[in-house]
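Colleague: Below: one structure in structure tokens.
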Amino acid sequence: MINLTDKNIAKELHKKEMFNRDTKEDFDLSLLNKIFNIKHFLIYNFQNYDYQYNIGLLLTFPDLFIHLNTKDWIYIIEKNSQRERRNITDYRLLNEYGNFSDLIFLSRYLCIDSIDLVFREAINITVKDRLYIKAFFSKFEYLLSISESELESDLMDFYCISLNELLKYRDLLLENGFNKKKSQY
């Protein structure tokens with residue numbers, strides 16, 4: 001679980017609106033890892049904020065993930081594995097599923113087979129949690145994909161990372177053992 005220091009720092013950063021797009025130029029994200037563990041910060045966010053906020057956070061501040069390696073992502077997936085159980089047929093609650101942000105981000109934006117990671121790499125996830133993840137994405141499979149043109153348009157219009165930078169990072173993860181999704185760019 002997240003240690004108290006990292007959790008408190010994450011709360012303080014949010015209170016001070018450190019991750020407001022308007023303040024990005026004034027804040028050096030490379031200092032974050034010196035202050036606290038970025039993996040724990042991401043886990044805290046995934047467990048406490050909705051997935052749209054989390055995806056926006058990652059794409060607006062790529063320094064939060066660009067230095068994470070495959071072991072870091074497996075750690076995040078495993079620590080975030082006890083995902084809150086809800087009725088997955090209720091579409092009105094969909095935005096509240098922030099604790100799936102790690103898997104959505106890896107799959108949708110990096111074309112990494114995140115479901116494969118849950119079943120093949122993340123050994124510290126219970127069978128019950130794996131089945132819940134599988135059931136969730138069976139219902140909301142569209143969250144795992146985006147067209148290249150839609151992604152490129154989103155990145156140009158709203159975020160602070162280019163498609164080429166995302167693909168370069170994805171290729172690094174693929175070189176280090178992750179599997180690419182079969183149906184995406």
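The values are calculated or read from the model by the stated rules, or taken from the named source; none is laboratory data. Remember, it's a predicted structure, so these values are computed and weren't measured experimentally. Neighbour counts run over all protein chains shown; Cβ positions are idealised from the backbone, glycine included.
Colleague: Kindly indicate whether any position in the range 90-103 is at pLDDT 90 or above and closer than 21 Å to Asn176 by Cβ.
Modeller: The answer is yes, given that some residue of the range 90-103 is at pLDDT 90 or above and closer than 21 Å to Asn176 by Cβ.
Colleague: May I pose another question? Out of the range 50-74, which residues are of a type in the set (Ser, Thr, Tyr) and over 15 Å from Ser101 (Cβ atoms)?
Modeller: Scanning the range 50-74 gives a single hit, Thr70.
Colleague: Look at Ser114 and say whether it is of a type in the set (Gly, Ala, Ser) and surrounded by 15 or more Cβ atoms within 10 Å (Cβ to Cβ).
Modeller: Considered against the rule, which asks whether it is of a type in the set (Gly, Ala, Ser) and surrounded by 15 or more Cβ atoms within 10 Å (Cβ to Cβ), Ser114 comes out as yes.
Colleague: In the range 157-175, what count of residues is obtained for those that are at pLDDT 85 or above and loosely packed, with under 11 Cβ neighbours inside 10 Å?
Modeller: 2
Colleague: Quick one: how many residues across the range 58-73 are surrounded by 19 or more Cβ atoms within 10 Å (Cβ to Cβ) and within 16 Å of Ile104 (Cβ to Cβ)?
Modeller: Adding up the residues that qualify gives 5.
Colleague: What number of residues in the range 118-138 are in contact (Cβ under 8 Å) with a residue 24 or more places away in the chain, farther than 16 Å from Trp73 by Cα and not β-branched (Val, Ile, Thr)?
Modeller: Final tally of qualifying residues: 5.
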